[in-house]
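Quick note: the coordinates plus some simple rules give every number you see, no bench work behind them. Nothing here was measured: the structure is a model prediction, and the numbers come from that model. For neighbour counting, all protein chains shown are included, and Cβ atoms are generated from backbone atoms with ideal geometry for every residue, glycine included.
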Amino acid sequence: MIQIADILPTPLAYAALPADELRERIIRRKMELNAVILGHNYQRVEIQAVSDFLGDSLGLSQEAADTDADVIVFCGVHFMAETAKILSPEKMVLMPDLRAGCPMADFVTADGLRQLKARFPGAAVITYVNSTAEVKAESDICCTSSNAVEVVNSFAPDRTLLFVPDRNLARYSAERSGRPYLTTSQLGASVEAIPEGAIVAWDGYCYVHDDLVLDELAEAKRRYPNAKVVIHPEARGDLLARADFVTSTAKMVSLAEDHDELIIGTERGLIDRLRQQYPNKTLVPLSGAAICGNMKMNTLAKLAWSLDHQKHEVSIPEDVRARAEAALRGMLELSGGWRAPTPEEAAIEAAGMEGAGGCGCA
Ligand code: 13P
Ligand code: SF4
């Protein structure tokens, strides 16, 4: 048995330990700290194996909002850990590697979004959760890949919508909701002529999904003609038009339960795990090259180091956090994952449960 007190100085020192020992350290330290490990579906399989909760961006945000743990270790990318902190400001939120950012999120800055808003004074801003806390703070509401269409449809059909930062998810949502669509690169000097109810999309994208191409899909279909095709909405429109299902990573997990043959257009981490889970099914990556290097920055060694040293802690200035929280809560409320407390519930909460008939412990 390992001596848990034996903290090593660097992630590199942990990397020299056998995987079994790393797992044992992670589990014991996690219990000591009352920590929970949240793992995105794109994590390495060994990280997924030690995660308390696996999921897509929506599921992870809901889990972050609900957990009673004192510490959340987020195995994902930076915006996901920020989301956990936004929803659970009293908890310590840790990331095993601070460099695990999301290039799509980095397409748009709060300044850039403020400039766009200034050009469309009456417009509402919908921000994909793959965005920084500062950008969320400038938004009316957030969305994820699983609820973007629902969020778009929650606005009046004639209201202009600014959608950041993913042009592909924006275009897919525009198609599904019957709204006109254009990107910020197509905006001219004047915005007078923009059609009523249009979605104006920031011209950002995910390099992993935007790189999936028709030739790869054609080849996969040639080899597996009976397989159904499921593709993530961060992919390009020409691919989505040929998919049987367009959906988030969590819903892909449910589809793999129900189908024996699937071609899956998303990051490899999800497919690797599904193949382990269903060794007798034919679950084929649309592209073997669809790997998010940022997601893969998290390793067992860095996770063990992170728990032992309680690093890297994520922090957000309170004014930014509170405004970003409003945009996230709006989305969670719409998706049934969270509702505002009734005045009675809020009063009970504020009174420290006095009226709830509990045991009266402090
Ligand atoms: P979901 O987990 O919401 O499907 O999004 C995938 C993604 O690219 C997250 O970075
Ligand atoms: Fe960002 Fe794409 Fe990686 Fe998701 S897969 S974290 S959107 S770069």
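Worth a mention:
- Residues LYS311, LYS302, sorted so that the one with the fewest Cβ neighbours within 10 Å comes first: LYS311, LYS302
- For the chain, built as a Gaussian network whose Cα springs stay under 10 Å, the top-fluctuating residue of GLU21, GLU138, GLU82: GLU21
- Overall, the anisotropy analysis places the stretch 105-205 in the rounded class: the square-rooted eigenvalues a ≥ b ≥ c of its C-alpha gyration tensor yield a/c less than 1.5.
- Neighbourhood net charge (14 Å Cβ-Cβ; Lys/Arg +1, Asp/Glu -1) for TYR181: +1
- Ranked for footprinting exposure by Cβ neighbours inside 10 Å, fewest first, TYR14, TYR172 give TYR14, TYR172.
- Structural descriptor for the chain: relative contact order 21 percent, calculated from alpha carbon pairs under 8 angstrom and at least 6 residues apart.
- Global geometry of the chain, whether rounded, prolate or oblate, following the gyration tensor of its Cα atoms and the 1.5 cut on a/c: oblate
- Only helices enter the 222 nm calculation for the chain: every DSSP H run of n ≥ 4 contributes -39,500 (n - 2.57), and dividing by all residues gives -11500 deg cm²/dmol, rounded to 500.
- When Rg and the Kirkwood Rh are both derived from Cα coordinates, the Rg/Rh ratio for the stretch 212-289 amounts to 0.91.
- Distant-in-sequence amide H partners of VAL77 (H built 1.01 Å from N, under 5 Å): none
- ALA198 long-range amide H proximity, modeled H, under 5 Å: LEU161
- Separation of the stretch 1-65 and the stretch 98-154, taken as the distance between their Cα centroids, equals 30 angstrom.
- Exposure proxy shown here: for LYS228, LYS136, the number of other Cβ atoms within 10 Å sets the order, fewest to most, as LYS228, LYS136.
- Legend: residue pairs LYS91/LYS302; LYS117/LYS296; LYS85/LYS296; LYS221/LYS251; LYS85/LYS251; LYS251/LYS302, Cα-Cα distance threshold 32 Å; pairs beyond threshold, LYS117/LYS296.
- Loop trypsin sites (Lys or Arg not before Pro), the stretch 19-113, which have at most 15 other Cβ atoms in a 10 Å radius of their Cβ (DSSP): ARG99
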